[in-house]
Amino acid sequence: MDEFTPYEIALLCGGPTRAAQCALLTLYEGRRVRVSRGTRRVTVVKREADDKIQAALLEEVPDTGFQLGYVLDAVAESDEMAAIAGGLVERGLLRRGFRGKLRRTRKGRAARRRLRAHAESGAPSGLGALKGAAPDAVTRLAALGTAAVEDAKLRQVMEMDNPKPLDLPYDWALNGVRRGPEPSPLSETKYSGYAWNAWDTWGNGPGPY
């Protein structure tokens, strides 16, 4: 079997958000970020990254912290993530379909089945590992999703939905008072150039993939 990094495994098995979660797990286990279960807010303890995806995640978090869901969404839409997906396209594991949406090829679907089987059985697979983290923990998350995360607190926070924006009175905005939720980083134009919405149905449930 060709060697895959955890990010590549995550992209094949779950999509870019799961790949972003792999970076989060590495940083969390290395005590470089904290995540609050109550507020679902991620804060940076140490701005040290081992790779470009971790660096992209740390860059999305200001010193005051930020909502985890928005951070993961931004990393999933980043140029760094698109570059990894492009490598899988070149290897024939993903293809660009209608409007540039990414889909698994037959080869990619076969690889996904094998990667999941290896992770579920715990058998050695020669998979790549992220530097600075327990390979088993990261590759299991990459292949199997958040259900494989042993830390109950982090697993719960990862599985929460983004908070809904508040419906604020219009006159507050006219008076220059900002009391709404923090804006999503996805509103920035730098995240609008890559079509990732095809991944939304790429979970572990039934489907054509």
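List every residue whose amide H lies under 5 Å from the amide H of residue 102, counting only residues 5 or more places away in sequence or on a different chain, with H placed 1.01 Å from N in the peptide plane.
Counting only residues 5 or more places away or on other chains, the set is 97, 198.
Once amide H atoms are built 1.01 Å from N in the peptide plane, which residues 5 or more positions from residue 94, or in another chain, come under 5 Å H to H?
Those lying under 5 Å, H to H, from residue 94 are 89, 105.
When the Cα atoms of segment 27-91 are enclosed in a convex hull and the volume is divided per residue, what value in Å³ results?
Dividing the Cα hull volume of segment 27-91 by its residue count gives 89 Å³.
Read the figures in this text as sums done on the coordinates, not as results from a lab. This is a predicted model, so every value here is computed, not measured.
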